[in-house]
Amino acid sequence: MTITTTKLVDNNFHIIVNSNGVENEINQKLVDVVNSNNASSEPKVSIANIVYEIIGTGEVTVFFENDNTKKVVLTGRGNYGLKPGEEKIKDVVGNILLDSDSNVTKYNLVIEAHKESGYTNGWYSNNTNYRWHFGC
């Protein structure tokens with residue numbers, strides 16, 4: 001069985017995806033950054049928040065397709081990204097992928113990715129790569 005994902009939000013600021021799956025999933029696409037709304041040829045997002053439930057004794061690893069050193073390893077139940085010391089993981093062009101090991105019975109997670117640069121409108125401009133300032 002492969003991962004099941006449902007895109008909940010894809011607006012000018014962020015992408016939110018709900019997903020679930022089972023053990024032994026390798027390089028599964030969790031967030032389709034490349035084909036997200038208003039993406040240029042080099043869209044960058046950050047992993048801002050993950051709410052997760054990992055059933056079994058295994059691990060689920062969430063990482064960027066083009067830099068697997070920027071990752072989050074999840075076990076049990078919890079939240080990643082909103083607590084002090086858990087900074088946004090960012091500065092990579094490409095999709096967000098997921099691996100689950102053989103000790104994961106099943107998992108459920110919701111991930112929020114913030115659009116950082118490489119988008120043609122909204123909070124960020126592809127031409128300048130700076131945040132738009134409203135009311136200036």
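With a simple spin-label model that places each label point 7 Å from the Cα along the Cα-to-Cβ direction, the separation between residue 28 and residue 66 comes to 2.5 nm. Label-to-label distance for residue 55 and residue 88 is 3.4 nm, based on points extended 7 Å past Cα in the beta-carbon direction. Would you compute the Debye intensity of the range 50-115 from its alpha-carbon atoms alone, equal scatterers and no solvent, and pass along log10 I(q)/I(0) at q = 0.24, 0.26 Å⁻¹ to two decimals? Results for the range 50-115 at q = 0.24, 0.26 Å⁻¹ read -1.10, -1.22. Accessible area per residue for the range 27-85, computed on protein heavy atoms with a 1.4 Å probe, is 51 Å². Other residues within the sphere of radius under 9 Å centred on the Cβ of residue 91, judged by their own Cβ, net out at +1 (K and R +1, D and E -1). Taking other residues whose beta carbon is less than 15 angstrom from the beta carbon of residue 58, and scoring Lys, Arg as +1 and Asp, Glu as -1, yields -4. For the range 1-128, the relative contact order is 37 percent, taking Cα pairs closer than 8 Å that sit 6 or more residues apart in sequence and dividing their mean separation by the residue count. With only Cα atoms counted, the chain has Rg and Dmax values of 15.1, 53 Å.
The values are calculated or read from the model by the stated rules, or taken from the named source; none is laboratory data. These numbers were taken from a predicted model, which means no experiment stands behind them. As a convention, Cβ positions derive from the backbone with ideal geometry for all residues, glycine included, and neighbour counts pool all protein chains shown. The protein model used for the area step is the full one, side chains on, heavy atoms only, and it has no ligands, DNA or RNA in it. Shrake-Rupley method; radii C 1.70, N 1.55, O 1.52, S 1.80 Å.
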